[in-house]
Amino acid sequence: MKQTYHQIGVIGFGARGQQLAKMVVSQLPAYGRIKACADHDENMVIPADLYHNCHGLKRYLNYQDLLQDPEIDTVIVTTYPETHAEISIAAMEAGKAVLCDKPATGNADDAVKLYDYVKTHSCYFAVGLNLPFYPSARKMKELIQNDTVGKLLCIRGMCDVGASFGEGVIMRKFAGQPEGLILGKLTHDTDLIQYFADSYAENVTGHTANFLWKRHGDNAGSHDTAVISGVMNNGILFSQSLTSCGATYGRVVELWGEKGLIRADINSETITIAVNGKPEQTLQLPPEPGSHRGGDKIMFAEFLDYVDSGVAAPLRPERILTSTMIPLAAMQQKTVETGEWYRSHKR
């Protein structure tokens, strides 16, 4: 593998774009540098420490100008989901490697469009879904593969973004977008469930609602609550809930096998193992520094190593479809045959 020192451009330089830029600067300096950013907010203030560490940072007001910059070889897309397909495809057409932050797209049609493009063109592309790279998620996957609780039968996920985050994000970012929080958050969680199951959702039944965060009592905010259930193509049952009323931010996942249970809050370093006939065991993982418990660093390092491999084919492109289909199906308030939809578009 030929290692390249990457010249990276970030399209959409809000909170998430800056978070990833800081990660590159502080944790992956040997991989490359943040060379440019594009954001339509010409009055945007870049924190002094980030600006100082991105020496010579170029600033563009539109992504088209950044893509014309011949120095940029890699692009991180952190704009709103409804623009992801358009910008990602334009970046690949310009010869850039693309890491598109989650959710991959804002609707099913764009997911198919983006998937079709990466499967029919020579390109470097991946979706920035980082939960499988969290320390607890990596360890839970290892425990499954080591047959710790036997054959996996059922997965239950419970995400509570907390009242503070929920109100702030829904009322400021997702007002008027019913699917905003459901797609923005559960894309992560349902992708993780499919990762643990090593399969994809065959069917999905969902119910979502806007209970808490409303303007003058109407339904103008994003749906803040969801309950989803279904079955994987390989027969594993699953459920996923979303709330935004708790005091803290938590993502609890339970993996039920024929011999017992593996349980963890993905945002912690503690995993509980309860095997039938044995004392309950608690694993304590060492903390990992950096954004999202080091998950962003591992995800982006893997992405740049993949680009350096020289194999111009998308990295896990099926996640474009599988990561969006469950949240979008849940919004339909009925049972949706996601497996049929997935197979009809998968190449």
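Quick note: the coordinates plus some simple rules give every number you see, no bench work behind them. The structure displayed is predicted, hence computed values, not measured ones. Cβ atoms come from the backbone with ideal geometry, glycine included; neighbour counts cover every protein chain shown.
With N as its number of residues, the range 163-249 has a Cα radius of gyration that, divided by 2.2 N^0.38 Å, comes to 1.17. Take the Cα of ASN146, step 7 Å along the line toward its Cβ, and report every residue of the range 287-329 whose backbone nitrogen sits under 20 Å from that point. Those under the cut-off are 287-288. Taking a quarter of the surface of the Cα convex hull of the range 287-347 gives a mean projected area of 6.4 nm². Globularity index of the chain is 0.99 (Cα radius of gyration / 2.2 N^0.38 Å, N = number of residues). The SER239 and THR120 beta-carbon pair, evaluated with R₀ = 30 Å, returns a calculated FRET efficiency of approximately 0.25. Simple spin-label estimate for SER26 and VAL252 gives 3.0 nm between the two label positions (7 Å along the Cα-to-Cβ direction from each Cα). Proximity of backbone amide H atoms, modeled 1.01 Å from N, is registered between THR74 and GLN7, GLY9, ALA97 at under 5 Å, excluding neighbours fewer than 5 places apart on the same chain. In order along the range 6-23, the Karplus-derived 3J(HN,Hα) couplings, from 6.51 cos²θ - 1.76 cosθ + 1.60 at θ = phi - 60°, round to 7, 9, 9, x, 10, 9, x, 10, x, 4, 6, x, 5, 4, 5, 4, 5, 4 Hz, and Gly and Pro are given as x.
Taken as Cα centroids, the range 159-212 and the range 17-83 sit 27 Å apart, rounded to the nearest whole angstrom. Here ARG172 and MET44 are evaluated by their C-beta separation; at R0 = 22 Å the FRET efficiency comes out at 0.85.
Using a/c under 1.5 as the rounded threshold, could you call the range 1-136 rounded, prolate or oblate? The axes a ≥ b ≥ c are square roots of the C-alpha gyration tensor eigenvalues, and prolate needs a/b larger than b/c, oblate otherwise. Cα axes put the range 1-136 in the rounded bin. Whole-Hz Karplus values for the range 206-216 come out as x, 9, 10, 7, 10, 9, 9, 9, 10, 9, 6 Hz, taken residue by residue from phi with 6.51 cos²θ - 1.76 cosθ + 1.60 and θ = phi - 60°; glycine and proline positions read x. Three principal axis extents describe the C-alpha atoms of the range 236-347; from largest down they are 47, 42, 33 Å.
Karplus-based coupling profile of the range 164-174, in residue order and whole Hz: 5, 5, x, 5, x, 6, 5, 6, 9, 9, 10, with θ = phi - 60° in 6.51 cos²θ - 1.76 cosθ + 1.60 and x standing for Gly or Pro. Given their separation in residues at 0.36 nm each and the Cα-Cα distance between them, ALA209 and THR270 gain 18.8 nm when the chain is fully extended.
Once the mean of 1/r is taken over each pair of separate Cα atoms and inverted, the range 36-100 shows a Kirkwood hydrodynamic radius of 12.5 Å.
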